[in-house]
Amino acid sequence: MPKINIKPSVQIGGVVDIFKRRPAAVELAPLLVPLVGVAGCHGGSGASTVTRLLAPAAQELALNQLHVGAVPLVLVCRGTAYGTKRATEAVRTCQHHRHTGYLTAPPVLVVVADAPLPEPPTARARLRLLEDQVRGIIRFPFAPEWRDVDDPTAIPVPTDVLRAASALRTLLSAPASTTVQGVQR
């Protein structure tokens, strides 16, 4: 699959790219779908950041808006016991919407690391149970560079986060029958 390099501060479809001062060598896989719905499973999940990484095609949704038909859906949670509990509830809602015809494909689950440590045992167990119920699980690594800045979009996106975003873009661009079990940290 060809890759594109989004230049810093390029305007794409009316949206200014947030990846300022990114090294030219880092490339993001193209997103070959016109629209993607992104929903945070809980507050502080990282859904806004994932939405920005999927710009300009992504639109952030509330949890009561998971009935998006054929639009690919991304659920975002933190890699904690609480985050994966809420992700389990959101996946259950998506299954209901699939049975009633309001959602045509399983969602992709993005798990955002909340620390440089591995996920706790409870979170890992819940994610193993969700593997067969989602299209794929993509793990976004912890980004310590973003902890002590007022505006994370003002600094370069870390390379490992860009790799995870590229994997997410590739999965979303693949046919809905494709499944992947995540980018490991």
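The values are calculated or read from the model by the stated rules, or taken from the named source; none is laboratory data. Bear in mind the structure is a predicted one, so any value in this text is a computation, not a measurement. In this analysis, Cβ positions are derived from the backbone assuming ideal geometry, glycine residues included, and neighbour counts consider all displayed protein chains. Only protein heavy atoms, including side chains, enter the accessible area calculation; ligands, DNA and RNA are left aside. Shrake-Rupley method; radii C 1.70, N 1.55, O 1.52, S 1.80 Å.
Among the numbered conditions (1) in contact (Cβ under 8 Å) with a residue 40 or more places away in the chain; (2) out of contact with any helix residue (DSSP H, G or I) (no Cβ under 8 Å at 6 or more places or on another chain), the only one that ILE155 does not meet is (2). Please go through segment 137-165 and give me each residue that is among the aliphatic types (A, V, I, L, M) and over 30 Å from THR88 (Cβ atoms), ordered by number. VAL149, ALA154, ILE155 - these are the residues of segment 137-165 that are among the aliphatic types (A, V, I, L, M) and over 30 Å from THR88 (Cβ atoms).
Report whether or not ALA87 is at pLDDT 95 or above and not basic (Lys, Arg). Taking the combined requirement at face value, the residue satisfies it. Segment 29-79 holds strands (runs of 3 or more DSSP E) entirely within its bounds, and those carrying 2 or more residues that are in contact with a Gly (Cβ under 6 Å, 6 or more places away or on another chain) and either closer than 18 Å to ALA164 by Cβ or β-branched (Val, Ile, Thr) (or both) map to 73-78. Assess whether ALA176 counts as being in a helix (DSSP H, G or I) and either touching a Phe, Trp or Tyr at 6+ places or on another chain (Cβ under 6 Å) or hydrophobic (A, V, I, L, M, F, W, C) (or both). No; evaluated as a whole, the condition is false for this residue. Just need a number here: residues in segment 118-151 that are within 16 Å of THR84 (Cα to Cα), open to solvent by 10 Å² or more (accessible area, probe 1.4 Å) and assigned to a helix (DSSP H, G or I). Total satisfying the criteria: 10. Restricting attention to segment 69-79, does a residue exist that is closer than 26 Å to LEU35 by Cβ and surrounded by fewer than 15 Cβ atoms within 10 Å (Cβ to Cβ)? Checked segment 69-79: at least one residue is closer than 26 Å to LEU35 by Cβ and surrounded by fewer than 15 Cβ atoms within 10 Å (Cβ to Cβ).
When you check ALA115 against the structure, is it open to solvent by less than 60 Å² (accessible area, probe 1.4 Å), hydrophobic (A, V, I, L, M, F, W, C), within 16 Å of GLY46 (Cβ to Cβ) and in a helix (DSSP H, G or I), yes or no? Taking the combined requirement at face value, the residue does not satisfy it. Taking into account only those residues within segment 88-112 that are assigned to a helix (DSSP H, G or I) and touching a helix residue (DSSP H, G or I) at 6+ places or on another chain (Cβ under 7 Å), which is most open to solvent (accessible area, probe 1.4 Å)? So the residue we want is GLN95.
Filter segment 38-59 for residues that are surrounded by 21 or more Cβ atoms within 10 Å (Cβ to Cβ), in contact (Cβ under 8 Å) with a residue 40 or more places away in the chain and not hydrophobic (A, V, I, L, M, F, W, C) and give the result. Across segment 38-59, the qualifying residues are SER45, GLY46, THR49.
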